Amino acid sequence: MYPSIPESRQLSCASVSFKSTSLLGRFLGLLLIGLILPAAIFAQSTVTGKVTDENALPLAGVSVRIEGTQIGTTTDSSGAFFIRAAKGQVLEISYIGKTTEKITLGNNQFVNVLLKDQSGGGLDQVVVVGYGTQAKKDLTGSVGVVSQSKMDNQATVGIGQNLQGRLAGVQVIQNDGTPYSGTSIRIRGAGSFGASSDPLVVIDGIITNDGLANLNPNDVANITVLKDAASAAIYGSRGANGVVIVTTKKGNFETPMKVDFSTFASVDQVRYMIPTLTAKEYAVQVNDYYGAANLPQPFTQAEIDAYGEGTNWVKEITQPGMKQNYALSISGGTKSNIYALSANYFAGDGVIKNTAFKRGNVRLSNDNRLSNTLKVGLSLNVNYGVSNNSDWGQAIDRALIFPSTQPVYDANGEYSAATHNGEPVTMLNPLIPVNLWKYKQTWKKLLGTTYLEWSILKDLKFKTSFNTEYYTWNQDQFIPSYKHGPSGLIGDHPIAELYVNGNENVNYSFDNILTYSTKIRGVHSLTAMAGYTFQETNGSSIGASRNSFLNNDPNMQVLDAGNSNISNSGSKYSWAIQSYLGRINYGFQDKYLLSASLRVDQTSRISKDNRTGVFPGASAGWVISKERFFENVNFVSNLKLRASWGILGNQAIGEYPYQTTLNSTGLYYPFGAGGEGVTYTGVGPTSLGNPNILWEKTTTYGAGLEAGFLQNKLSFIVDVYKRNTSDILVQVPLLSTSGVTNAPYQNAGRVSNSGIELTLGYADAVGKSFSYDISVNWTYNKNRVTAVPSPIINNFSRIQEGHSINEWYGYIQEGIFQTTEEIEKAPSQPNASPGDIRYKDIDNNGVIDANDRTFLGPSIAQHSFGGSIALAYKGFDLVSSFYGQIGASRSIDQVGFAITRGGEQTSAWMYRQRWTGPGTSNYVPRVVAGDPNDNYRRSDFWLRSSDFLRLQNLQVGYDFTPLLGGGAARVIHKVRFYVAAQNLFCINSYPGWDPEQSINGGYPMPRSFYAGINLQF
């Protein structure tokens, strides 16, 4: 299914940047000029212009036509347009919801156009929803939109970055700082602990299995997020976690060819470098560690005095990162055909050595009017990515614990081995995994659709489409043979190893949608939709490994070159779903709005007796500002009250949870008596199925108020909601005598999410030269587990009724024992000594034991917020965005911070706060070998606030277009240069890389500085 897009909408290319020394950038620029210049010379004179609204803000997608002809164009994201016209001709400028303007051309080559509101200001904007479109003013559900104008000219690597901090109720988290990192999206909280909480992603009508990964951000026209059940119910069993709809750019009918080229380059650095111990500090700490346990101390005082800064291993594995991006798009259309072609190349080197990524995208879109009633089209997106990596996770872990007393290389020029007092210690030099271990990953993806649309009657349309998604991923991991340090220790690796993994996924769907839309007597509006869809996915995975390679030659890094430890595995899976769906939207006098939808899904992931699910949704809206009694309230431009209800499903529960799985590995059965018996391979169950399981269901209630003041310059939106998820899949433990490893799933869990969302915006202009647009949003979400058969216990968290999902669980620290007398007066803690952590006696029985553990607070933030500021003054523009969260903690119980392990702790943050005698610290304990008090036990000592405020983007640009003259202005219609910074600062108290990621193996979030240029021909 392709959500229809108004033909008047201008879809222009997003931004990218390049270095002035880039030969590729120069070549493409010269090539484009060479292609366009001959045509421009022989054409009519070119008129350029800019279209703005009453707030002096640019309008994108405005139709600009020469009156009485079929010649026309549309404005880009900056409101600019160009058209070939002659003196005396009349330009007709029109836009939905605005008054139409006509301008007779004279000798002027540049015109400014102001379009005034007809009524309601921007509310006639068309929004893409599930299997169709709606005017923004007619929406009755909770729908968030990030428009093209908010994304154009932005230097982003992934689509998820365009959503960060933009919408209330939508939390977007960067997974890590790698050049190819994706994002995790949560809409109105985490709804499940038994299935995925990821939202459904729909790209040009295609329900994808690969989400937003690998899509070119420059191809995106707009993003719609369906947040409530009434809006997402049309997606039935896959809409429980919300829906993200991405619409890509197209050409426009009867518009001249437009060429956009943009490029950027960036320099990256680690935003926050975790401070580690100097060599002197490390030696002192290790001596304290052993000395506190009355063990020999590895370092002499003379050695300690001789040490200086030593080796900073974190700095040794990091480097300045570099990114570059090039994007080219060509679009246009005739009376019967529109086309859009784009290509994108991205390359990036990460801030950890030997981490690099390259991605290429090519996209083609073509639509044809075969007649007045028949239209066909296709869209094809091809993506290829390559990641050449080291084992950066191991490198980061080792860099945080490897002794700073060791040099990078030993006397023989080899990577040094860790030693204490000359004795080797089992620690891997971090430069070994970062420089020697190799991981190569490749991605290939094809996303395509073809459709036919038939206008059966004036108000009745039928659209059928066939969609395909093909995705393959492969990884080669090669650990070479090497010898760095004494034989038999971790730096000695005489046998090379190769691990090969891959998977393939083919997803196709067939959609048939019938839509009837009419206006009755000018006061009744009705749109009815009915459809049938079918989707099937087939996938496979394979893995193999060998070792004992003759050498480390790259040409020999294939499986056949390995001679021993031969291993392989593989699997296949398949699932399908068919659906019947319908929706009715009704409006009376544009004041009273109703919407109802129903979807019936049948999925192979559930047994035949239970695989049919019914998912209804309904919503209503009342536009109070259109009532007669509201006519004289002039300062209120728009006031709408809405309410919604719906039931959604979550079928992301695995392919075969209802079936019992069997395994033959290691199961042998002898048949026959005595020595004459023969052993046969047997089969036994590894997991028990449950034919009675159902998909998870989420029932949502919501209400909202939308208000616009001062001709919609000031906008305000508030939403309240309640999400109740039931039938969550839980594995209920079996007796060990059952002989089955994995217990069957049961629909036994429930979760509640309730919250409030606020959005406030103000856009205006001061005179004709300065305009601004400011928006802020805030979300509060309360997450609670309302039912679970028994607590689900994780390492440092629990899932238990009455608490949030994965809430921290452990002991409460009440300071540090300063003296022996304090220990004697306190509840019994066996083996405690001065300098150890003092724990709270929760049950007041005088003994610290497992019964004193309690819940320590949420791991999921309850408050999230974001906002953006856009300023424009003459040719200058400034854009900034920020986001953050409040109300959660993150663990620092990771390598490098393990103060209780002494030699495995290099955090200067911990070292400088540790207890070294009475009164020196009441937070960080002493270091002592063996940890007799078990200070390492899970407690709130290991938790730190993950609250933060991040300035995600700050960008300043200048449009040089008005400075062009003569022949250059006829060929080049836009020249904009900009500089930008991302992740410029993050206000927080978390001592790790970043409050959004874990310390252990987490790739540092970079701070990036960009320069770029946008050109249009």
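Here are some residues: V259, V286. Which one is touching a helix residue (DSSP H, G or I) at 6+ places or on another chain (Cβ under 6 Å), crowded, with 24+ Cβ neighbours inside 10 Å, touching a residue at least 12 places away in the same chain (Cβ under 8 Å) and not hydroxyl-bearing (S, T, Y)? Only one candidate passes the filter, namely V286.
What about Y668, is it farther than 20 Å from G236 by Cα, modelled with pLDDT under 95, buried (at least 16 other Cβ atoms within 10 Å of the Cβ) and of a type in the set (S, T, Y)?
Judged against the criteria, Y668 is not a match.
Checking each residue in segment 989-1006 for being at pLDDT 90 or above and surrounded by fewer than 21 Cβ atoms within 10 Å (Cβ to Cβ) picks out S989, Y990. Listed by position, the strands (runs of 3 or more DSSP E) enclosed by segment 632-727 that each have at least 3 residues that are charged (D, E, K, R) are 696-709. As for segment 183-193, it holds at least one residue that is at pLDDT 85 or above, more than 12 Å from the chain's Cα centre (by Cα), farther than 30 Å from M273 by Cβ and polar (S, T, N, Q). Of the residues making up segment 872-893, those that are part of a strand (DSSP E or B), closer than 22 Å to L163 by Cβ and among the hydrophobic types (A, V, I, L, M, F, W, C) number 4.
Among the hydroxyl-bearing types (S, T, Y), free of Cβ contacts under 8 Å to residues at least 24 places away in the same chain and over 30 Å from S455 (Cβ atoms), is that true of S487? Answer is yes for this residue. I274 fulfils the conditions (1) assigned to a helix (DSSP H, G or I); (2) of a type outside the set (K, R); (3) closer than 30 Å to F897 by Cα; (4) touching a residue at least 24 places away in the same chain (Cβ under 8 Å) except for a single criterion, (1). Filtering segment 76-102 to residues that are modelled with pLDDT under 80 and either surrounded by fewer than 16 Cβ atoms within 10 Å (Cβ to Cβ) or not in a loop (DSSP other than H, G, I, E, B) (or both) leaves K98, T99, T100. Per the listing V975, V956, the residue uniquely surrounded by fewer than 16 Cβ atoms within 10 Å (Cβ to Cβ) and assigned to a strand (DSSP E or B) is V956. In segment 909-928, the condition of being at pLDDT below 90, among the small types (G, A, S) and over 28 Å from the mean Cα position of the chain (by Cα) is met by no residue. Residue count for segment 772-795 under the criterion of being farther than 28 Å from N692 by Cβ and at pLDDT 90 or above: the result is 11.
Checked against the criterion of being modelled with pLDDT of 90 or more and under 18 Å from T311 (Cβ atoms), the candidates V500, V434 yield just one match: V434. Would you call V172 within 30 Å of A787 (Cα to Cα), modelled with pLDDT of 80 or more and touching a Ser or Thr at 6+ places or on another chain (Cβ under 6 Å)? Yes; evaluated as a whole, the condition is true for this residue. Between L963, L984, the distinction of being surrounded by fewer than 21 Cβ atoms within 10 Å (Cβ to Cβ), under 24 Å from the mean Cα position of the chain (by Cα) and of a type outside the set (S, T, N, Q) belongs to L984 only. Only residues that are farther than 25 Å from T515 by Cα, buried (at least 17 other Cβ atoms within 10 Å of the Cβ) and without any contact (Cβ under 8 Å) to a residue 24 or more places away in the chain were counted across segment 560-617, and they come to 1. Note on segment 838-851: among residues that are closer than 17 Å to Y936 by Cβ and either among the polar types (S, T, N, Q) or in contact with a Phe, Trp or Tyr (Cβ under 6 Å, 6 or more places away or on another chain) (or both), the one that is surrounded by the most Cβ atoms within 10 Å (Cβ to Cβ) is Y839.
Can you pull out every residue in segment 228-254 that is over 22 Å from the mean Cα position of the chain (by Cα) and either surrounded by fewer than 24 Cβ atoms within 10 Å (Cβ to Cβ) or in a loop (DSSP other than H, G, I, E, B) (or both)? Matches in segment 228-254: K250, G251, N252, F253, E254.
Going through segment 814-832 one residue at a time, which ones are polar (S, T, N, Q), surrounded by 14 or more Cβ atoms within 10 Å (Cβ to Cβ) and more than 22 Å from D893 (Cβ to Cβ)?
Once the filter is applied, which keeps residues that are polar (S, T, N, Q), surrounded by 14 or more Cβ atoms within 10 Å (Cβ to Cβ) and more than 22 Å from D893 (Cβ to Cβ), segment 814-832 yields only Q818.
How about segment 852-886: which of its residues are surrounded by fewer than 18 Cβ atoms within 10 Å (Cβ to Cβ), hydroxyl-bearing (S, T, Y) and modelled with pLDDT of 95 or more? Scanning segment 852-886 gives a single hit, T854.
Among the residues of segment 622-647 satisfying the criterion of being over 22 Å from I756 (Cβ atoms), out of contact with any Lys or Arg (no Cβ under 9 Å at 6 or more places or on another chain) and of a type in the set (S, T, N, Q), which is surrounded by the most Cβ atoms within 10 Å (Cβ to Cβ)? Across segment 622-647, the extreme among qualifying residues is N634. Just so you know, in segment 464-503 the residues that are under 30 Å from P424 (Cα atoms) and of a type in the set (S, T, N, Q) include one that is surrounded by the fewest Cβ atoms within 10 Å (Cβ to Cβ), and it is S487. For segment 470-496, the set of residues classified as assigned to a strand (DSSP E or B), within 22 Å of T419 (Cα to Cα) and not hydroxyl-bearing (S, T, Y) consists of K483, D492, H493, listed by residue number.
Of the residues D204, D198, D219, D152, the single one that is surrounded by fewer than 21 Cβ atoms within 10 Å (Cβ to Cβ) and touching a residue at least 24 places away in the same chain (Cβ under 8 Å) is D198. When you look at N467, is it in a strand (DSSP E or B), within 29 Å of N389 (Cβ to Cβ) and not aliphatic (A, V, I, L, M), yes or no? Criteria not met by N467. When we screen G141, G158 for residues that are buried (at least 24 other Cβ atoms within 10 Å of the Cβ) and not aliphatic (A, V, I, L, M), the only hit is G141. Total residues in segment 964-982 satisfying the condition of being under 16 Å from A80 (Cα atoms) and in contact (Cβ under 8 Å) with a residue 40 or more places away in the chain: the figure is 8.
The values are calculated or read from the model by the stated rules, or taken from the named source; none is laboratory data. Not measured: the values here are computed from a predicted model. Don't worry about glycine lacking a Cβ; one is built from the backbone with ideal geometry, like all the others, and counts go over all protein chains shown.
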